[in-house]
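One structure below.
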Amino acid sequence: MRSPAAIPDPKAARWRRLAAIAATVLIMVMALRALAGEFDDHGYHQIRIALHAVSWPQLVLATVLGMASYACLIGFDAIGLRRARRNLPASRVGITAFLAHAAGQTLGFAALTGGAIRMRSYGRAGLSLAEIGQVVLMSTLGFVFGAWLLLALALWLEPAAAARALPLSSDAVRLIGIAMLAAFAVMLVAVGREGRSIGWRTHRVWLPDRRTTLEVTALSVVELCLASAAFYVLLPGQADVGFIGFVGLYLVAVVAGLVSTVPAGLGVFEWSLLKLLPQVAPAAVLAAAVAYRVTYYLLPLLASAVLAALASVRQPLRSGAGVVWGTLRPWLPQIIALAVFAAGTLLLIDGTLPSPRHRLLTAPLPVIETSHLLGSLGGVVLLLIGQGLQRRSRVAWWIALALCVLLPLPVWLRGGHALVALALPVIAIALWAARREFYREGALLDEAWSWPWLRNVALVLLGTLWLLFFVYSHVEYQSELWWQFAISGNAPRALRALLLVSLVVVVFGVARLLHSTRTPLPAPDAATLALLRPVLAQAQDTQASLAMTGDKAILRSEAGDGFVMMQRYGGSLISMGDPVGPPDVARTLIWKFREEADRLGLRPVFYQTSGNYWQTYLDLGLTLVKLGEEALVPLQGFSLEGSARADLRQAWNRGKRGGLSFRIVDADQVAALLPALKAISDAWLDEKAGEEKGFSLGSFDPAYLCSFPMALVEADDGVVAFANLWQAPAGHELSVDLMRHRPDAPKGTMDFLFIELFLWGAANGFTRFSLGMAPLTGLAEHRLAGRWNRFANLIARHGERFYGFSGLRRFKSKFSPEWRPRYLAAPGGVHLPAALLDVTRLISLDPQR
């Protein structure tokens, strides 16, 4: 069995993520502040004039060059697949590479985001992890080699462009370029015909052979030239910069954006170009950057959504579209979520920018004001529900579809840009075409936020705030602005929209904090519990009897010959133990449970599983961690004779001398005893200063207790202790669940109860008695053991005063049991601590509340 995976420190991981988000936000804020410093109070007016100077032929040419650049990017995947000796349909390769680069360019971290898309698509086509790694490596190395060579050529052939931006002379810049070319030549010689691993200490990278290196370099040079040309053609014709020199400056700005970790290098890329092109008017540079981002980033994203919609519509009609649909389908939620997020961003930006007079309709002023607020409100809602779409939430799909259908009218009425109004119907069509992919029924507020999505929402809101003050930097901000209503009152209108956006974000955040994600799944009714009894009669494990507590939902097999007892808490759907039923049925139920968790948008968690189905859990992609060990007392031939049983024999004799007696009461006779047993239970809870537990234990519930026989210990004055009896005749296993005794019960009463149960079980054909699990015991203590084992042992040592882990194991050890491991099966990584926390809270709940 695979060893339990190490569990990370959740607090340290959380602080690292927060620090990374804070660093990204800080870098973007600094870049935007630096950008604003390049303009006077009328900077937006200057940029707008420069944008109007960009002609339609320039935009068309930039779009064509950008799409040609994307076509070259597909070639890197083809080279990687050829090296892996895998031949895939051209449609799958083209679509996968296009989606990978479109997402990577927009979100940043292209190797990770694009690698995840390739992993899913190529993995479904049968490629191994190593083969997919070849594809990702070709794309990454291609950019590095191409940028290296192009930058070297630019510094060598046109040093004057770099010399204007750097504190170096043209000759010094030319020497740097020659040195970079020489280093590239040395690298080509070093890799040889077979490739080579280079690096320093543990940081090493494998470089392909010389031929492959030259191929990816040549392809990358063409691709980067096309991408830089897509920007270059948007610059004014009088700009005093040659294309070769511009390519080098463009690459420096791209690398600065990559290093900043800001998605798409937003702000950092623009500021770098302003500094690298001092001879070009800042307004012209920013106008070209805006047009470039629309043609190179936004249009491919919308094209992905259109491609997804077309594939879903054409798939039933033409078999040739089957490959396209099969490639796109796993990524439809991600594609559409990105498109919806982009649409929300555009709506917020459009609501911040002034609407020209010629675009304003002759509608009444209240209609214009209301439309403006509705457009901004819809934009922020699209931002907030984007992650729900990514996780296939049906509620998020309905909201997004409704907004994309209804918002074009308010955008048109408020005089918004045509691109925004046209993008919304396109996304609505894609949403409708992919409607079957959004099936999860979990509430939208139950969705856990991912850190990248939080970062992106924060960046958009900060960027919108910066844009507001940049556009209206000439306006004197006074309290009267909030109440000034006029057809051309763009600044007050933008302020009111920003206030509404801020209120929506705050309300949404507070609602998520206050919303309880612990709403339990509906409990089974009496009829459903009655249907489980034939399955319980064939159970191998007495733990299956927990189904009768009634506090867990039941997921039954199709034939009714097996079931899973489960409950939700937080972001987890938790199964109590393995599925109950024959092995084949149990394995099918494990997958069915996984599908149910996916439908509800929850992580699947199996608590206190045995080792019987570990292979199936691993097939689900779950991680197994050891929770502790269950004590099983062998009953075959059990007696109190012999020296090994001397302690038990003395405890039993002491109970007999104290006047204790033992008997088993059938289930149909338990109801008459409940008043007396309730008094014992209440006194026991008062003495322990505790409360009832649920999920993994039974509670004093009359319906539950009347479902099983009851073991009683009596003295002259009546019952002093009791325990309800679990039986698994098919597995020849016996156990008890609810055990309570009177505070004045004779010492050793519970020992006497267990010994009598052992004797009774042995006499009635049972072969083992389960004493339950001793948590956090039996874990590896070697210094090289996994972090989970070291962490759990630390808790067991220092938490002894609160729970008594070792004391519980010592109590069970005196009955000479055999120990059987119990595990938690849950998603690994950062999900594992959350799953453990959800389970801990669930089993601590009082089921009677």
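Rule-based calculations on the coordinates, nothing more; no lab input. What you see is a predicted model; the values in this text were computed from it and never measured. Glycine also receives a Cβ, built like all others from the backbone with ideal geometry; neighbour counts cover every protein chain displayed.
Residues 696, 844 in ascending order of nearby Cβ atoms (within 10 Å, fewest first): 844, 696. Working note: Karplus 6.51/-1.76/1.60 with θ = phi - 60° gives the stretch 834-841 the couplings 5, 5, 4, 5, 4, 5, 4, 5 Hz, where Gly and Pro are set to x.
Fully extended, how many nm does the chain gain between residue 643 and residue 85 (0.36 nm per residue separation, minus their Cα-Cα distance)?
Contour length minus Cα-Cα distance gives 193.9 nm.
Beta carbons within 10 angstrom, averaged per residue: use that to sort the peptides 608-618, 391-401, highest first.
On the way: 608-618: 17.8, 391-401: 21.5.
Peptide ranking by packing, descending: 391-401, 608-618.
Going from the residue with the fewest nearby Cβ atoms within 10 Å to the one with the most, 101, 741, 45 rank 45, 741, 101.
For the pair residue 409 and residue 38, label points projected 7 Å from Cα toward Cβ lie 4.2 nm apart.
Were the residues from residue 128 through residue 185 laid out at 0.36 nm apart, the gain over their Cα-Cα distance would be 17.2 nm. Taking label points 7 Å from Cα along the Cα-to-Cβ direction, residue 673 and residue 419 give a separation of 7.8 nm.
Can you sort 693, 814 from fewest to most other Cβ atoms within 10 Å of each residue's own Cβ?
Values: 693 15, 814 12.
Going from sparsest to densest Cβ surroundings: 814, 693.
Just to be sure I understand the model, the point goes 7 Å from the Cα along the line to the Cβ. What's the resulting residue 365 to residue 469 distance in nm? Each label point lies 7 Å from its Cα, and together they span 2.9 nm. If the chain linking residue 561 and residue 55 were pulled fully straight, counting 0.36 nm for each residue of separation and taking away their Cα-Cα distance, it would gain 175.1 nm. Phi-derived couplings, Karplus 6.51 cos²θ - 1.76 cosθ + 1.60 at θ = phi - 60°, listed residue by residue for the stretch 23-33: 5, 4, 4, 5, 4, 5, 4, 5, 5, 5, 5 Hz, with x used for Gly and Pro. Around the amide H of residue 740, modelled in the peptide plane, lie the amide H atoms of 722, all under 5 Å away and 5 or more residues distant in sequence or on another chain.
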